[in-house]
Structures are given as C-alpha cells and as structure tokens.
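Here is the structure we will look at.
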Amino acid sequence: MRAPRLKRLHLTSLASDLLPLFDFLCVLVAAQLSTLVYSGWLSWSGPAAVYGNDFGEIVLVVAVLAIFLLYDRRFGSNLGSEHRMLLMQGFALRVALLTGIVVALGTVTYALTSFPGYWLALWFGISLLLTSLCRVVAARSVWRLQQKTTAKEVIAVV
C-alpha cells in the first residue's frame with residue numbers, strides 16, 4: 001500500500017523540481033522566437049537592430065531570474081481541483097513580479113534602452129505563454145498519473 005503513495009510523492013516533486021529548468025529554457029526560446037518574429041514581420045532593419053551588445057547577457061540574466069522568481073514549491077501538492085485557482089493566481093503574481101523586476105532593473109541600469117519596446121513585449125508575452133504551457137502540461141501529466149495510482153489503490157483494496 002505504501003508504494004503507490006511514495007510513487008505519487010516522487011512524481012509531484014519531480015514535476016515541481018523540473019519546472020525551473022523548463023522556465024530557464026522557455027525564456028531562452030522565447031527570446032529567440034521573439035527575435036525571429038520581430039526581425040521578420042515588425043522591423044524593416046533586420047536582426048541587427050534587435051541584437052545589441054548586451055543581448056545575450058540580458059537574456060541570460062532574465063532566464064536566471066525566472067528560475068528563482070517563477071518557482072512554486074507547492075506546485076506538486078496543489079494540483080487538486082480545489083487548488084487550481086490558487087496555482088494560477090500565484091503564477092500570475094510571480095510573472096508580474098518578474099516583469100516588474102526586469103523592467104525596474106532595465107530602467108535603473110539603462111540596459112533595456114537599446115531594445116525595441118515591441119520586441120520586449122513580444123519576449124515577455126512568448127515567455128508567459130511557454131512557461132504557462134509547461135505548467136499546464138506538467139500538471140495534467142501528474143494529475144493523470146495520480147489518477148492511475150489512485151485507481152490501482154482502489155482496486156488493490158477491493
């Protein structure tokens with residue numbers, strides 16, 4: 001009887017522990033996608049206008065900030081239907097916090113002045129979309145696995 005419960009605990013902690021890695025990758029991928037979209041459809045000057053001297057460093061700094069600011073240690077334990085709204089509210093608050101910190105740091109250090117506003121908005125939007133998608137996929141996968149182990153527990157009891 002203890003094996004399914006331990007298995008469920010490992011699955012939820014694994015999903016919660018892998019999300020920071022996926023957040024990091026999502027922010028990096030979003031920077032590349034927003035650069036492609038901006039240079040292809042929104043700018044006539046090409047990719048050289050988007051790539052500044054500090055492009056790589058700023059993207060990496062934001063990706064590392066995303067690891068720490070978007071992390072929710074209760075993600076795996078709050079996957080029940082009664083806690084979904086709490087998860088969404090917490091994630092929305094973390095995204096707003098990340099955006100605010102990045103904009104504040106960029107304003108104070110003048111690091112974001114060389115980046116077009118449309119590109120920044122596109123980058124934040126695509127980052128939000130990708131990180132949200134990762135959370136939805138992880139939550140559904142863990143929820144399905146939890147349902148399977150719960151069904152096995154019920155069958156084992158009967």
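Taken together, the values in this text are just the output of simple stated rules run on the coordinates, not laboratory data. Just so we're clear, the structure is a prediction, and the values are computed from it rather than from any experiment. Note: ideal-geometry Cβ built from the backbone for every residue, glycine included; neighbour counts use all protein chains shown.
By the count of other C-beta atoms within 10 Å, a proxy for reagent exposure, Asp17, Asp23 are ordered fewest to most as Asp17, Asp23.
Going from the residue with the fewest nearby Cβ atoms within 10 Å to the one with the most, Tyr118, Tyr38, Tyr110 rank Tyr110, Tyr118, Tyr38.
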